[in-house]
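Read-outs throughout are calculated quantities, based only on the coordinates presented, and are distinct from any laboratory measurement. These figures come from a predicted structure and were not determined experimentally. Please note: Cβ atoms are built from the backbone with ideal geometry, for glycine as well, and neighbour counts cover all protein chains shown.
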Amino acid sequence: MDLKTYLSTRAAEVDAALDAFLPKAKERPPTIHAAMRYSVFAGGKRLRPVLCLAAAEACGGEIPNALAPACAVELMHTYSLVHDDLPAMDDDDLRRGRPTCHKVYGEGMAVLCGDALLTEAFIVLAQTTPSPRYGTRNYVSELAETGGSRKLIGGQVMDLEGEGENLTKRGLIRIHEAKTAALLTTSLRLGAMTANATPAKLAALTCFGHALGLAFQVIDDILDVTQSTDILGKTAGKDAAVEKSTYPSILGLDASRKEAAKLTKAAMDALTPLGTKAARLREIASHLLKREY
Ligand code: GRG
C-alpha cells in the first residue's frame with residue numbers, strides 16, 4: 001500500500017471507531033454531544049491515531065487492538081485544540097477549516113466540550129484489551145501523565161507565560177517537548193503497548209516521538225509564516241501577531257528548515273532497533289517533513 005492510501009485507510013478506520021465510541025449527537029443533552037462531534041469530525045489529519053496504529057504494526061501488533069488508544073489520543077488532542085482556541089487562551093476563530101467550537105456553541109459549551117472530550121478519552125482508553133506486559137493501569141497512566149500539569153498543561157502554562165517574551169531556543173524546545181512531542185510520543189507508545197512491545201522497543205519509539213514531535217512543531221511554525229489561512233484551515237501568521245517566540249522568529253526560516261531536517265534524521269535513526277518493520281514510521285516521518293499543511 002502506498003503512503004497516501006495507507007494514511008487515508010487508517011484515518012477512515014479511526015473515524016469509524018470514533019463514530020462508534022462517541023455518544024450519538026442526539027443523546028441527551030444533545031448540545032454537548034453535537035459540539036463534541038463537531039470538533040472531532042472537523043477534518044483533522046489524524047496524525048496521532050495513525051502513529052499509534054503504525055507503531056502497533058511496527059511492533060508486530062494488530063490494528064483492531066490499537067483502535068481504542070488511537071481514538072483516545074485523538075480525543076485528547078481535540079480537547080486541547082478546543083481549549084487552546086478559547087478567548088482566554090489563543091483566541092482563534094478558525095480550526096480545521098471551520099469556525100472554532102466556541103464560535104458555534106459559545107464559550108461555556110466549548111469549555112464543557114473540551115472537558116467531555118478529555119474524559120471520553122479515558123472512557124475509550126479503558127476499553128483497550130490488555131497485552132501480556134501492559135494492563136489497563138499502564139495505558140491509563142501513560143495518557144494521564146501526558147495530559148497532566150507536567151506535560152501538555154505544563155507546556156501550555158509555559159506557552160501562555162512566554163507570550164510577548166523573547167524565549168531562547170532551549171526555552172522553546174522545553175514548551176514543545178511538553179506539548180507536541182509528548183502527545184506524539186504517547187500515541188506511539190500506546191500503540192506499541194497493545195503489541196506487547198519490549199521495553200527496548202518502547203524506548204526506541206520514545207526517542208523517535210521526541211525528535212518527530214519537535215520536527216513537526218518546527219514545520220508547523222514554518223507553515224504559520226509561509227502558508228495561507230485557506231490551506232492551513234487555521235489563522236496563518238498568528239504567532240507573529242501575538243509576538244509568540246517560534247523557530248523562525250528565533251532561528252530564521254532557513255535555519256528552521258535545516259533544524260526540521262536534522263530532527264527528522266534523528267527520528268529515523270532512533271528507529272534502528274525496530275528494523276525493517278518500522279518502514280512505515282520512517283515513511284511518515286519523511287512525509288511530515290515535506291507537508292504543506
Ligand atoms: C490543555 C488547553 C491545553 C492545551 C494543551 C497541545 C496543546 C497544549 C494545545 C494545542 C494547541 C496547539 C497549537 C498545539 C501545538 C501542536 C499542534 C501543532 C497542533 C496541531 O496539530 P495538527 O496539525 O492538527 O495535527 P489537526 O487539526 O490536523 O489534528
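Among the residues of the stretch 221-236, count how many are out of contact with any Ser or Thr (no Cβ under 6 Å at 6 or more places or on another chain) and either β-branched (Val, Ile, Thr) or under 20 Å from Lys179 (Cα atoms) (or both).
Summing the residues that are out of contact with any Ser or Thr (no Cβ under 6 Å at 6 or more places or on another chain) and either β-branched (Val, Ile, Thr) or under 20 Å from Lys179 (Cα atoms) (or both) in the stretch 221-236 gives 7.
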Determine whether Phe41 is more than 16 Å from the ligand (Cβ to nearest atom) and in contact (Cβ under 8 Å) with a residue 24 or more places away in the chain. no
Over the stretch 60-100, the set of residues in a helix (DSSP H, G or I) and away from the ligand (no atom under 12 Å from the Cβ) is Ile63, Pro64, Asn65, Ala66, Leu67, Ala68, Pro69, Ala70, Cys71, Ala72
Could you check, for the stretch 156-165, whether at least one of its residues is among the small types (Gly, Ala, Ser), within 16 Å of the ligand (Cβ to nearest atom) and surrounded by 20 or more Cβ atoms within 10 Å (Cβ to Cβ)? no
Residue list for the stretch 134-155, filter: within 10 Å of the ligand (Cβ to nearest atom) and among the hydrophobic types (A, V, I, L, M, F, W, C): Leu152, Ile153
Looking only at the stretch 91-119, which residues are surrounded by fewer than 19 Cβ atoms within 10 Å (Cβ to Cβ), of a type outside the set (Val, Ile, Thr) and without any contact (Cβ under 8 Å) to a residue 24 or more places away in the chain? Asp91, Pro99, Lys103, Gly106, Glu107, Gly108
Please count how many residues of the stretch 22-59 are farther than 12 Å from Leu117 by Cβ, basic (Lys, Arg) and part of a helix (DSSP H, G or I). 1
Do you know which residues across the stretch 280-293 are part of a helix (DSSP H, G or I) and in contact (Cβ under 8 Å) with a residue 40 or more places away in the chain? Arg280, Leu281, Glu283, Ile284, Ala285, His287, Leu288, Leu289
